[in-house]
Amino acid sequence: MPKTKEQKKQIIDDLDEKLKNSKSLVFADYKGLTVVEAQELRKLAKQSGAEYVVAKKTLIQKAFDKTDIKDVDVTSMDGNIALMIGFEDEVSAAKVSSEFAKDHESLKMLGGVMENKYIDLAQVEALSKIPSKNELLAKLVGSINAPVSGFVNVLAGNLRGLVGVLNAIKDTK
């Protein structure tokens, strides 16, 4: 059933709002993706702080025309276009898309947008290999904690040695 002008305007406005709030996004051709697979992808995206959005190319392009992102031409892309929009960090959209595409040949990444500039497929794939913000924070905490843990273990070793010596003296008396 065709959408009315008002419904199309609402879709464009929603997309425009999402694009303005996004940190990065990935274009993907979803032709051949089943409904169950699409639902699985939406669920994975939501868990990663991203959103999987499907709309007509012309509506997506009109939403892009309303933003600062001018070097994107969605209408010239092949296939049915979906957007994976990352809201929490710059790598979440690329990571989710890349991981899902490994197991599902139907999803083909085409490119993306980061910092209001179009990036090609190679750049999206490179972006997907960067650790997420939470992974980097965990590594930082581990790096900061390592010297402290080592110091505590050295002090505990000295105490264990002292206790061992005192027990040996007690046993001899």
Would you mind pulling out the separation of the Cα centroids of the stretch 117-133 and the stretch 10-42, in Å?
17
Scoring the chain by relative contact order with C-alpha pairs under 8 Å, at least six apart, yields a percentage of 26
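Which value in deg cm²/dmol, rounded to the nearest 500, describes the helix-derived mean residue ellipticity at 222 nm for the chain, given -39,500 (n - 2.57) per DSSP H run of n ≥ 4 and division by the residue count?
Details: 6 runs with 99 residues, N = 173.
The helix-only estimate for the chain comes to -19000 deg cm²/dmol at 222 nm.
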Cα radius of gyration and Dmax for the stretch 131-173 (Å):
18.4, 60
In whole Å, what are the extents of the stretch 68-143 along the principal axes defined by its C-alpha atoms, from largest to smallest?
47, 33, 19
Can you list the residues, at least 5 places off or on another chain, whose amide H is less than 5 Å from the amide H of Y118, using H built in the peptide plane?
D71
So the label point goes 7 Å from the Cα of N80 along Cα→C-beta, right? Which residues of the stretch 45-70 then have their backbone N under 12 Å from it?
54-57
Expressed as an acute angle from 0 to 90° and rounded to the nearest 10, what is the orientation of the C-alpha long axis of helix 35-47 relative to the principal long axis of the chain?
50
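Restrict the search to the stretch 113-171; then list the trypsin sites (Lys or Arg not before Pro) that DSSP places in a loop and that have at most 15 other Cβ atoms within 10 Å of their Cβ. List each step's numbers first, then the result.
Details: sites: K117, K129, K133, K139, R160, K170; in loops: K129.
The qualifying sites are K129.
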The exposure ranking of S76, S24, fewest beta-carbon neighbours within 10 Å first, is S76, S24
Quick calc, the stretch 5-130, dipole around Cα centre from Cβ unit charges on Lys, Arg (+) and Asp, Glu (-), nearest 20 debye, gives 320
Please identify the longest segment of the chain free of exposed GluC sites (Glu not before Pro), where exposed means a DSSP state other than H, G, I, E or B and no more than 11 other Cβ atoms within 10 Å.
1-104
Starting from the Cα coordinates of the chain, work out the convex hull volume and express it per residue in Å³.
168
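Tell me the net charge near S48. Cut-off is 14 Å between Cβ atoms, S48 excluded, with +1 for each Lys or Arg and -1 for each Asp or Glu.
Working: positive: K23, R42, K43, K46, K95, K133; negative: E40, E51, E88, D89, E90, E99, E135.
Counting the neighbours of S48, the net charge comes to -1.
Applying 1/(1 + (r/R0)^6) with R0 = 45 Å to the Cβ-Cβ distance of R42 and S143, what FRET efficiency is obtained, to the nearest 0.05?
Values: r = 35 Å, r/R0 = 0.78.
Taking R0 as 45 Å, the efficiency between R42 and S143 is 0.80.
A short reminder: the numbers here are calculations on the coordinates, not readings from a lab. Everything numeric in this text was worked out from a predicted model, so none of it was measured. Heads up, the Cβs are rebuilt from the backbone with ideal geometry, glycines too, and the neighbour counts pull from every protein chain shown.
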